[in-house]
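Structure, as structure tokens:
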Amino acid sequence: MIELRDIHKTFGSNHVLRGVNLSIPKGSSMVIIGGSGTGKSVTLKCILGLVTPDQGQILVGGQNVEDVSRDAFLARFGMLFQGAALFDSIPVWQNVAFRLMRGALKRPKAEAREIAIEKLRRVGLKPEVADKFPAELSGGMQKRVGLARAIAADPEIIFFDEPTTGLDPIMSGVINDLIREIVTEMGATALTITHDMTSVRAIADNVAMLHDGVVKWTGAVNDMDTSGDPYVDQFIHGRAEGPIAAVR
Amino acid sequence: MTRFLASIGRAVLSALASVGSVALFALETVSHLFRPPFYGREFWHALIQIGWLSLPVVGLTAFFTGGALALQIFAGGSRYGAEAVVPSIVAIGMVRELGPVLGGLMVAARVASSIAAEIGTMKVTEQIDALVTLSTNPMKYLTLPRVLAATIAVPVLVAVGDSVGIMGGYLVGVNRLDFNSATYLKNTVDFLETWDITSGLFKGAAFGFIVATMGCYHGMQSGRGAQGVGAATKSAVVSASVLIFAANYILTELFFAA
Ligand SMILES: Nc1ncnc2c1ncn2[C@@H]1O[C@H](COP(=O)(O)OP(=O)(O)OP(=O)(O)O)[C@@H](O)[C@H]1O
Ligand SMILES: [Mg+2]
């Protein structure tokens, strides 16, 4: 269970988050939708402690994140960054196995490599990719390596920032299935940001719509089409006309 | 007038603030020396990057400087009929001042820039954030190995530079200035004291620390985008160079003031 209470964040004069409230039940899949630049990525970073909110509380498993040890807290998380954020000085497999090669989860190199190759396979990448460097891969391949790294240590809570952006429709399908599988089979809690409405329907149990720094609407994915919320309607149908301005 | 004073005040305050934050950064780096985990592989990698790969540029710089120094001292010394001081002055000048300062500056140009660019790029592409989410402290994983490697490697580079510089002086002395080879070497050795050499190595360690710390600090502080990384690289080289000169003066006062 992750709970955000009245989260505010300002960058200079840019008041990005203006009181975000959101709760994500344990073992469920939440998808955040919303226009570009509305603060979706910032919201994820607030939960991870990469960005410190100006105001508000974040609770994970009932505990305030400020009160728990950072290491123990992050050990339960996996995160896919919007730009993949692969370490370009080490080969792909070491990126994936990063957590398995140091710290509390350290294991023999050969075993770590094997797990890395298995995770790469799950995101649709061949074993040959393992020894390449991130710069040698296409954008979509880098994204999938980032995904493999996020799930490498089988985390309890996984954040995906636009997992299917830049992927072809078939690969998007593979990734959507994978995320769904991680939630249903491994019981993980997933929080995904996406603009891809097909993904939303494939991945989500619940959906939250972020706009103007607040959650405008949240509910089950099945209620999304009948929400009656003009923001949600405009967004899911991709209309230029509506309450959400096209120029931001 | 008040506007002018206020702008001076602001500049002074922001300068003090950055001095404070650099000092805190350096202290935090050193504190990680005593707190595991340690990343040995990163350390070795940094040692090779900073130490081994800097050898050619430090060696060449020292070689030409030693040669030029011999010519100058010969020219200056001949005005007093004191050409014989060439070997000892070249040696003392090299090991006390020029070896460490030039070595430090070359390493600043080569290493502070590359560290700042690398860490700055990692910052803007969210690789630093990714490290944190993978339960790895960037100060331990990125900063400490580089700072430690530079603090150890630069004195070694200085020692090599000293020797090569003295050799450059020797070659010029023997081939161009008609010194007797054996006399030149004897004069070099006889007038050189251990403290001349070790003080220079201490300076080298201090400069190595400065170079890597400034590279890491500015990289970590890098603004967003390519422009941010460019600015970070420039600040790293400039601040490392200026701090090397300042530290050199202070250390010289400490070591040699009568
Ligand atoms: N570190 C930062 N410093 C300054 N401003 C920032 C920072 N991070 C984000 N912002 C600003 O916060 C706002 C929201 O950014 P965010 O990345 O969360 O958008 P987003 O909703 O994820 O958009 P997209 O769908 O395009 O990824 C943007 O206006 C951005 O400029
Ligand atoms: Mg985003």
Go through (1) under 15 Å from the mean Cα position of the chain (by Cα); (2) at pLDDT 95 or above one by one and return the number of the condition A:L4 breaks. (1)
Would you point out the residue of region A:28-78, among those that are open to solvent by 60 Å² or more (accessible area, probe 1.4 Å) and at positive phi, that is farthest from ligand 2 (Cβ to nearest atom)? A:G62
If I filter region A:145-152 for residues that are open to solvent by 40 Å² or more (accessible area, probe 1.4 Å), away from ligand 1 (no atom under 16 Å from the Cβ), more than 14 Å from the chain's Cα centre (by Cα) and under 28 Å from A:G49 (Cα atoms), do I get at least one hit? no
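Name the residue that is most open to solvent (accessible area, probe 1.4 Å), counting only residues in region A:80-101 that are within 16 Å of ligand 2 (Cβ to nearest atom) and at the interface with another protein chain (Cβ under 9 Å from one of its Cβ atoms). If you could, list the steps in order and put the result at the bottom.
Of all residues in region A:80-101, those within 16 Å of ligand 2 (Cβ to nearest atom) come to A:80-85.
In the following step, the residues that additionally are at the interface with another protein chain (Cβ under 9 Å from one of its Cβ atoms) were identified as A:81-85.
Details: A:F81: 2, A:Q82: 81, A:G83: 55, A:A84: 4, A:A85: 3 Å².
Looking at the filtered set, the residue picked out is A:Q82.
Name the residues in region A:35-79 that are in a helix (DSSP H, G or I) and away from every other protein chain (no Cβ under 11 Å), would you?
Filtering region A:35-79 down to residues in a helix (DSSP H, G or I) leaves A:40-48, A:70-75.
Scanning region A:35-79 gives A:K40, A:V42, A:T43, A:C46.
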Of (1) under 21 Å from B:V237 (Cβ atoms); (2) within 14 Å of chain A (Cβ to nearest Cβ); (3) crowded, with 21+ Cβ neighbours inside 10 Å, B:A117 fails just (3)
State all residues of region A:140-182 that are in a strand (DSSP E or B) and farther than 18 Å from A:M197 by Cβ; if no residue qualifies, say none. A:I157, A:I158, A:F159
Would you mind finding the one in A:A240, A:A208, A:A153, A:A246 that is of a type in the set (G, A, S) and modelled with pLDDT of 95 or more? A:A208
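Please tell me if A:Q82 is within 28 Å of B:I119 (Cα to Cα) and in contact with an Asp or Glu (Cβ under 7 Å, 6 or more places away or on another chain).
Working: within 28 Å of B:I119 (Cα to Cα): yes; in contact with an Asp or Glu (Cβ under 7 Å, 6 or more places away or on another chain): yes.
For A:Q82, the condition - within 28 Å of B:I119 (Cα to Cα) and in contact with an Asp or Glu (Cβ under 7 Å, 6 or more places away or on another chain) - is met.
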Just need a number here: residues in region A:208-248 that are part of a strand (DSSP E or B), of a type in the set (A, V, I, L, M, F, W, C) and open to solvent by 50 Å² or more (accessible area, probe 1.4 Å). 0
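If we scan region A:161-182, do we find a residue that is small (G, A, S), within 14 Å of ligand 1 (Cβ to nearest atom) and open to solvent by 20 Å² or more (accessible area, probe 1.4 Å)? Walk me through it before giving the result.
Here is the first cut: in region A:161-182, the residues small (G, A, S) are A:166, A:172-173.
Subsequent filtering for residues that are within 14 Å of ligand 1 (Cβ to nearest atom) retains A:166.
Then drop every residue that is not open to solvent by 20 Å² or more (accessible area, probe 1.4 Å), which leaves A:166.
Scanning region A:161-182 turns up at least one residue that is small (G, A, S), within 14 Å of ligand 1 (Cβ to nearest atom) and open to solvent by 20 Å² or more (accessible area, probe 1.4 Å).
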Answer residue from region A:183-201, given it is assigned to a helix (DSSP H, G or I) and farther than 23 Å from A:G39 by Cα and is most open to solvent (accessible area, probe 1.4 Å) among those: A:E185
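Inspect all residues belonging to region A:102-112 and state whether any of them is more than 9 Å from chain B (Cβ to nearest Cβ) and crowded, with 20+ Cβ neighbours inside 10 Å. If you could, list the steps in order and put the result at the bottom.
Restricting attention to region A:102-112, the residues satisfying the condition of being more than 9 Å from chain B (Cβ to nearest Cβ) are A:106-112.
Still in the list and also crowded, with 20+ Cβ neighbours inside 10 Å: A:112.
Yes, the conditions are met somewhere in region A:102-112.
With polar (S, T, N, Q) and surrounded by fewer than 18 Cβ atoms within 10 Å (Cβ to Cβ) as the only criterion, which of B:S54, B:S7 stands out? Working first, answer last.
On the way: B:S54 fails: surrounded by fewer than 18 Cβ atoms within 10 Å (Cβ to Cβ).
When all the criteria are applied, what remains is B:S7.
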Answer residue from region B:146-167, given it is surrounded by 24 or more Cβ atoms within 10 Å (Cβ to Cβ) and more than 16 Å from the chain's Cα centre (by Cα) and is farthest from A:F87 (Cα to Cα) among those: B:I166
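Considering every residue within region B:126-143, establish whether at least one is away from chain A (no Cβ under 14 Å) and open to solvent by 20 Å² or more (accessible area, probe 1.4 Å). Before you say what the answer is, go through the steps one by one.
Step one: of region B:126-143, the residues away from chain A (no Cβ under 14 Å) are B:143.
This time we only want the ones that are open to solvent by 20 Å² or more (accessible area, probe 1.4 Å), so: none.
No; the residues of region B:126-143 include none that is away from chain A (no Cβ under 14 Å) and open to solvent by 20 Å² or more (accessible area, probe 1.4 Å).
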Could you tell me which residue of region A:13-33 is nearest to A:I182 (Cα to Cα), considering only residues that are in a strand (DSSP E or B) and among the polar types (S, T, N, Q)? A:S29
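The values are calculated or read from the model by the stated rules, or taken from the named source; none is laboratory data. Everything numeric in this text was worked out from a predicted model, so none of it was measured. Every residue, glycine as well, gets a Cβ built from its backbone with ideal geometry; the counts of neighbours run over all protein chains shown. Protein only, heavy atoms only, side chains kept; ligands, DNA and RNA dropped before computing areas. Shrake-Rupley method; radii C 1.70, N 1.55, O 1.52, S 1.80 Å.
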